[in-house]
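Structure first, then comments.
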Amino acid sequence: MRHLGRYIERTNSGRMVRILTQKQVVIAIIMRRKGLDLQDSKTPIPAPTDVAELIKLFCREVQMYISWMNDPELCFIQALKLNVIPQAQQEPILKLSLDTLPTIVGLRGRSIPLSPVTLLRGVIGELAEQVDLRSDELEYESDGLLSHLWESYKQRKRRRQAVACVRELDALAAKIDLMQPELSQLSTWISELSGGEAAPLIPPRLLVAALCAGAAFLLYWYQ
């Protein structure tokens, strides 16, 4: 039963909170996490700057699962879910989980194997698509001119961050398709994700040109 508890925690599918022993019967009370589908529009996703950390954490969890379960082909995995784990005084934690088959005891036959690299490649592609779709749906409300300008600036900043995040994830996905790496190599690439650097609202060259033009105008004016 303790091994079952570790298995449930390793897959992020829940937690065993209590074990009761009654004569020859052992009863376990399990709190199961209800995962959400990434493709559901109502499923919350982290901000573009936090997507890289979500992928890094999931990659480590996949490696721990394989190490503990000795299941390199993920034979007991049927889907991927996103769990929203509440906290008392802070924002909920978003964590990807391996949605396991209903049972691993008495399983007849063999499920379809899934390569960890294929799983991670699919996660990267799906998150890139969702970040891109959600960034197009950003809306804001404003009551005045200053508020409108400020909200417009924040929206453009979020959009640039989303574009940078999607660009980095798409580049990694293309690299995976081209190189077909092992899991160890892919985990190294994932650890180098930065979340993407958003392009500045005003290009540096344009800013320098504007400053030079302003300086030239002041010199001409005072002459």
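D by Stokes-Einstein for the stretch 1-105, Kirkwood Rh over Cα pairs, 4 °C, 1.567 mPa s: 85 µm²/s. With 22 Å as the limit on Cα-Cα distance, the pairs of Lys42/Lys81; Lys42/Lys175; Lys56/Lys81; Lys34/Lys175; Lys56/Lys95; Lys81/Lys157 that go past it are Lys42/Lys175; Lys34/Lys175; Lys81/Lys157. As a rough footprinting exposure proxy, the listed residues Arg18, Arg33 were ranked by other beta carbons within 10 Å of their own, and the order from fewest upward is Arg18, Arg33.
Between Gln39 and Leu20, the modelled labels are 4.0 nm apart [label points 7 Å from Cα along Cα→Cβ].
Computed extension length for Ile30-Arg2: 8.9 nm, one decimal, from 0.36 nm per residue of separation with the Cα-Cα distance subtracted.
No value in this document is a laboratory result; all are computed from the given coordinates. Model, not experiment: these values are computed from the prediction. Note that each Cβ is placed from the backbone with ideal geometry, even for glycine, and that neighbours are counted across all protein chains shown.
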